[in-house]
Amino acid sequence: MVEENVQVRTPDGVVETLLQRPESGDPLPAVINLTDGLGFRPAFADQSKRIAEHGYVVLTPNIFYRTSKLPVFTFTPDFGSEQTRQRFRELTGPLTPDAMERDGLAYVDYLASQPFVGTGPMGVVGFCFAGKFALVVAAARPDRIGAAASFHGGGLFTDNFDSPHLVLPRVKARLYFGHASNDAGMPTEAIDKLEWALRSWGGEYASETYPAKHGWMIPGREVFDPPSARKGFDRLMELLHETIQAEGLVTDT
């Protein structure tokens, strides 16, 4: 495996990113891995490496670069505390839908410029707050994003004028949504409304609700659910393999 810390320039600044890929003489499909609301940390480096081991070039950016260099939390997060909630607001506030689109365009352009990245479709996956980010990127570059996934994504359907589901008409990617059964940010009513929007959209998608709490996919917190996380990772691999057509270097997990 090749691992590099690289800088990606966007219209709003320079992003610290981790780039991971197998050693290969052939160009490979690329995947953008967008972290949850706690930001980039070792658990995401490990996850991106697992994805890369299946034959992908994986870019994992510090999505909160406008506010902070890494680590974005200098204390142990606890969403029961006002300190954590205030920090979360500081990190996510500048990352508006327009900012997400600008960043997504920059990430795609960076990957497309690399000789070890193939010319075919790319994938994007987002967790928690970044579930909507993945959807925005898919809408911004329908010509390059062939697969997009959201795991325990929050606020994917709201009554606001900028609800993430409103970008669906621009999306051509195959989509996957893995919801949590216990998630204040995406309750059952919102999941049902998103399902209606997806059916109206008419594209190819899959959606399922896991018997787990918000954040179940990422190790390191009490909500981590190993069986659901294994299933979710398998679903992600199925999506990527069936859409962006990775070949070779597939290893067992």
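The values are calculated or read from the model by the stated rules, or taken from the named source; none is laboratory data. Predicted model only: the values in this text are computed from it and were never measured. Don't worry about glycine lacking a Cβ; one is built from the backbone with ideal geometry, like all the others, and counts go over all protein chains shown. Protein only, heavy atoms only, side chains kept; ligands, DNA and RNA dropped before computing areas. Shrake-Rupley method; radii C 1.70, N 1.55, O 1.52, S 1.80 Å.
General observations
- Failed condition for PRO42, given (1) open to solvent by 50 Å² or more (accessible area, probe 1.4 Å); (2) on the phi > 0 side of the Ramachandran plot: (2)
- Residue in the stretch 112-119 that is modelled with pLDDT of 95 or more and assigned to a helix (DSSP H, G or I) present: yes
- Where a residue in the stretch 163-184 is under 20 Å from PHE233 (Cβ atoms) and its partner, wherever it lies, is acidic (Asp, Glu) and at pLDDT 95 or above, with Cβ under 6 Å and at least six apart: ARG174/GLU204
- Only one of the numbered conditions (1) loosely packed, with under 14 Cβ neighbours inside 10 Å; (2) more than 20 Å from VAL2 (Cα to Cα) is violated by ALA138, and that is (1).
- Put simply, of ASP36, ASP103 the only residue that is open to solvent by less than 60 Å² (accessible area, probe 1.4 Å), under 30 Å from HIS165 (Cα atoms), in contact (Cβ under 8 Å) with a residue 12 or more places away in the chain and assigned to a helix (DSSP H, G or I) is ASP103.
- The stretch 75-100: number of residues that are part of a loop (DSSP other than H, G, I, E, B), open to solvent by less than 20 Å² (accessible area, probe 1.4 Å) and more than 16 Å from GLU16 (Cβ to Cβ): 0
- Selection from the stretch 141-170 of residues that are β-branched (Val, Ile, Thr), under 18 Å from LYS193 (Cα atoms) and open to solvent by less than 30 Å² (accessible area, probe 1.4 Å): VAL167
Condition check ((1) at pLDDT 95 or above; (2) open to solvent by 50 Å² or more (accessible area, probe 1.4 Å); (3) closer than 14 Å to ASP36 by Cβ) across all residues:
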{"position": "GLY178", "(1), (2), (3)": "yes, no, yes"}
{"position": "ASN182", "(1), (2), (3)": "no, yes, no"}
{"position": "MET186", "(1), (2), (3)": "yes, no, yes"}
{"position": "ALA190", "(1), (2), (3)": "yes, no, no"}
{"position": "LYS193", "(1), (2), (3)": "yes, yes, no"}
{"position": "ALA206", "(1), (2), (3)": "yes, no, no"}
{"position": "TRP216", "(1), (2), (3)": "no, no, yes"}
{"position": "VAL223", "(1), (2), (3)": "no, no, yes"}
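- Residue within the stretch 55-68 that is under 20 Å from ALA197 (Cβ atoms), of a type outside the set (S, T, N, Q) and within 14 Å of the chain's Cα centre (by Cα) present: no
- Residue that is β-branched (Val, Ile, Thr), in a strand (DSSP E or B) and crowded, with 21+ Cβ neighbours inside 10 Å, where the choices are VAL72, VAL58: VAL58
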